[in-house]
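Colleague: Before I ask anything, here is the structure I am working with.
The values are calculated or read from the model by the stated rules, or taken from the named source; none is laboratory data. On a predicted model such as this, the values are computed, not experimentally measured, just so you know. Reconstructed Cβ throughout: ideal geometry from the backbone, glycine too, with neighbour counts over all protein chains shown.
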Amino acid sequence: MLAVAYGLDNKTRHATTNDHVRAFGIVGPVKKALLLKLSRPAMIQYLCQRNNWDTKMLEIIDFDAFGRYMKALSNQRRTNVIKYIHNWQKTGRQKKFLRSKRTDNDDVEAWETTKCPHGCGELEREQHYLKCTACPHHQNKRHHLLGLKNWMIKSLTLPPLQILLLRALMDWLHRHQACTHEIKETDTYHILIKEALAEQELIGWNHFLKGRISKKWAIIQNNCYARMRQESENNNLNPIPTYLDGKWWTKKLIAYTIYTCLNLWQIRNETLAANNEKLNYIRERNELLKQATDIQQLKRSETFEKNSPVPLHAAMQR
């Protein structure tokens, strides 16, 4: 479905679209075609407004590959991915936005901090946890990329493509603005690689980590597999598995990158939970100390009652 390919759930589309189609008793392929036709403009408008894109940008992004990846997910996993790619995760910036919508000033302390839970002191924006240097796993980002490298080797990825993607992701994770890797004229498919790199930088490497990749990556890798098959046939070598093609490769690439990002989000959530537990302990301790101080003052003024609901020794032990 187009909604799955764009990374949108049914709630994002107009709720009345399906009702109108059902009202006329339209089912089967015709129903699907009408749903796509009616919902497509709203989805395109949402994506363009959300990401400051024009409609031409949608033509160079491989939404088909993303759709194949999404269809293989469970409903729960798909929900987590949708939250991630549309910046609906409960980051500090999201909390700050929700706080600005409050009309009352009660219980202000109940709002969670908008700063990074790892303690770097910055406002937690979208995908901040991927770049945060205070993250306990920041130095292990090379390890995550090493896993991606091993997968690309096993999947027979074009070597220049391996180097380019790993370098580009490393540059983005370390807050460089663009890929610093130069394409050699001797590299296979160097013209296509340059075009794919230019398109991906236009889309953004932050979107690459959301599964929004250039269509040319699939073309390059598909050509690579075709050339390898031809060479294996000419030289009587072991045949290349038939499932290896550009569509399979892009689906797996998207799956690996998003899986890594969601794992880092989980680490961020665990850090936040530990911080909240520590804050709750400090609040409870301060409250108990305040109660103990009040009890001592009552005792000094000889108004302390023996049957107090909070005995002094119990409060001090807590």
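Colleague: Take the range 211-230 and flag every residue that is basic (K, R) and either under 13 Å from T250 (Cα atoms) or outside any helix (DSSP H, G or I) (or both).
Modeller: R212, K215, K216
Colleague: Has the range 152-173 got any residue that is exposed (fewer than 13 other Cβ atoms within 10 Å of the Cβ), closer than 27 Å to C116 by Cα and modelled with pLDDT under 85?
Modeller: Within the range 152-173 (the criterion being exposed (fewer than 13 other Cβ atoms within 10 Å of the Cβ), closer than 27 Å to C116 by Cα and modelled with pLDDT under 85), the answer is no, since none of the residues qualifies.
Colleague: Pull out all pairs, ordered by first then second residue, where Cβ-Cβ is under 9 Å, the residues are six or more apart or on different chains, the first lies in the range 186-204 and is farther than 19 Å from L169 by Cβ and among the hydroxyl-bearing types (S, T, Y), and the second is modelled with pLDDT of 90 or more and not in a helix (DSSP H, G or I).
Modeller: The qualifying pairs are T188/L158; Y189/L158.
Colleague: Counting only residues that are crowded, with 18+ Cβ neighbours inside 10 Å and in contact with an Asp or Glu (Cβ under 9 Å, 6 or more places away or on another chain), how many does the range 44-81 have?
Modeller: The number of residues fulfilling the criteria is 2.
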